[in-house]
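In what follows, a single structure is set out as structure tokens and then discussed.
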Amino acid sequence: MSIRIDLFSDVMTKPTPAMRRAMADAEVGDEQKKEDPTTNRLQAMTAELLGKEAALFLPSGSMCNQVAIRVLCRPGDEIIVHRSAHIVNFEVGGAAALSGVSSYVLDGPGGMFTAGEAAAAIRPLTSNHHCRTRAVCVEQTSNIGGGRVWPLAALREIGALCRAHGLAMHMDGARLMNAVVASGVSAEEMCRDTDSVWLDLSKGLGCPVGAVLAGSKDFIKDAWRWKHQFGGALRQSGIIAAAGVYALENNVARLAEDHANARLLADGLKDLPGVIVEEPETNIVFFDVEGLGCTAQEFAAAAAEEGLRVSFGGKHRIRAITYLGIDESMVREAVTILRRLIGDWASRRMADKKAG
Ligand SMILES: *Cc1c(COP(=O)(O)O)cnc(C)c1O
């Protein structure tokens, strides 16, 4: 059956007619000469939103992470990062391959770690045997961690630690605006201590392409060089940057709808035996199906047969994400499908047990 409700990821969002009009009407020029007015505007808007001196438009969030690591670190340096982070798992070893950087991974619930845990991971400079610790990376919100919002106090503690040890702080802000809308803390406040931070445009903000990296003027000056080296320098990028401008003006507050829909989904499943639903904080819902006697992969395949696509993060952990394009009625239908599937697996399990 074809997929009717796609909760695989918020990257499945598609530009709305109004966003497409903004793109079609965009004023453009050569981005590499800094003559694309729309890209320049998006960069200025993002820098202001995040309280940074400057910003740089890049084709993807992964490139933002990789450019930032390349600017902040030297080969042989080490970053401190959560084990579940996108940087560690989904960027093809980019930190090691492109920047010669080692990753010291930390565990901790919700994709987060404490400043104390990060402090214990800093390599001593007293020996010639160690990497040099150069940066601490946080993911706001944590993706595989469950869409959790790093509390402001935790970020401030990491910031203070970084300052005390001369480390950089990097924020993978793929879903930073989800964290802002969910917590009511401003974006500027949330990334006050960061040396580099970026926003993904192509997730909850609803754009087809793009991400914006922000930091000091010097940081962005260096980032420009790596953007060229990594092949991310563009030409009339205003066509896609216009979607970003439109999104920052129109699609931020509405993230609250995605969060409400995620809660609706989680509430629809949480009383069922055999599944453990993680309380959503933003637009990401995880639930564990081990109690149903199936793997996440088997469960996801069965859901796809019903026209519902979900993904998984872990052997028994199913992930569903809400976004612009998924409305409340689709979420209600998804709940109906999931409840039926969960019921089917549970009764099959009971029957197996009796037979066994
Ligand atoms: C999606 C994602 C990225 C990568 O962004 P792309 O624009 O897909 O390259 C990085 N970090 C996190 C936490 C993400 O969810």
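The values are calculated or read from the model by the stated rules, or taken from the named source; none is laboratory data. None of the values given here were measured: they were computed from a predicted structure. Using ideal geometry, Cβ is built from the backbone for each residue, glycine included, and neighbour counts are taken over all protein chains shown.
Observations, loosely collected:
- For Arg349, the requirement of being among the basic types (Lys, Arg), in contact with a helix residue (DSSP H, G or I) (Cβ under 8 Å, 6 or more places away or on another chain), over 20 Å from Asn261 (Cα atoms) and assigned to a helix (DSSP H, G or I) is met.
- Extreme residue, nearest to the chain's Cα centre (by Cα), among residues of the stretch 9-49 that are buried (at least 19 other Cβ atoms within 10 Å of the Cβ) and within 16 Å of the ligand (Cβ to nearest atom): Asp10
- Of all the residues in the stretch 251-302, those that are touching a residue at least 60 places away in the same chain (Cβ under 8 Å) and at positive phi number 1.
- When the stretch 164-175 is filtered for residues that are more than 19 Å from Met63 (Cβ to Cβ) and not in a strand (DSSP E or B), the ones remaining, listed by number, are Ala164, His165, Gly166, Leu167.
- Of all residues in the stretch 133-163, those being more than 16 Å from the ligand (Cβ to nearest atom), assigned to a helix (DSSP H, G or I) and either of a type in the set (Asp, Glu) or under 17 Å from the mean Cα position of the chain (by Cα) (or both) number 1.
- Meets criteria (exposed (fewer than 15 other Cβ atoms within 10 Å of the Cβ), of a type outside the set (Lys, Arg) and either in contact with a Cys (Cβ under 6 Å, 6 or more places away or on another chain) or part of a helix (DSSP H, G or I) (or both)) for Ala334: no
- Ser186 being more than 16 Å from the ligand (Cβ to nearest atom), under 17 Å from Leu205 (Cα atoms) and hydroxyl-bearing (Ser, Thr, Tyr): yes
- Take the conditions (1) modelled with pLDDT of 95 or more; (2) acidic (Asp, Glu); (3) in a loop (DSSP other than H, G, I, E, B); Asp258 misses just one of them, which is (3).
- The C-beta contact set for the stretch 49-62 (first residue more than 15 Å from Thr39 (Cα to Cα), second residue more than 9 Å from the ligand (Cβ to nearest atom) and charged (D, E, K, R), distance under 6 angstrom, 6+ apart or interchain) comprises Gly51/Glu188; Glu53/Lys217.
- Pick from the stretch 76-130, criterion assigned to a helix (DSSP H, G or I), more than 16 Å from the ligand (Cβ to nearest atom) and of a type in the set (A, V, I, L, M, F, W, C), ranking: surrounded by the most Cβ atoms within 10 Å (Cβ to Cβ): Ala118
- Qualifying residue in the stretch 199-207 (condition: within 16 Å of the ligand (Cβ to nearest atom), over 21 Å from the mean Cα position of the chain (by Cα) and in contact (Cβ under 8 Å) with a residue 12 or more places away in the chain): no
- Once the stretch 52-75 is narrowed to residues that are part of a helix (DSSP H, G or I), crowded, with 23+ Cβ neighbours inside 10 Å and among the small types (Gly, Ala, Ser), the residue that is nearest to the ligand (Cβ to nearest atom) is Gly61.
- All of (1) in contact with a strand residue (DSSP E or B) (Cβ under 9 Å, 6 or more places away or on another chain); (2) crowded, with 18+ Cβ neighbours inside 10 Å; (3) more than 28 Å from Ser202 (Cα to Cα) hold for Arg309 with one exception: (3).
This table checks each residue for (1) surrounded by 16 or more Cβ atoms within 10 Å (Cβ to Cβ); (2) more than 16 Å from the ligand (Cβ to nearest atom); (3) acidic (Asp, Glu).
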| position | (1), (2), (3) |
| --- | --- |
| Gly166 | no, yes, no |
| Ala174 | yes, no, no |
| Asp218 | no, yes, yes |
| Gly231 | no, no, no |
| Ala242 | yes, yes, no |
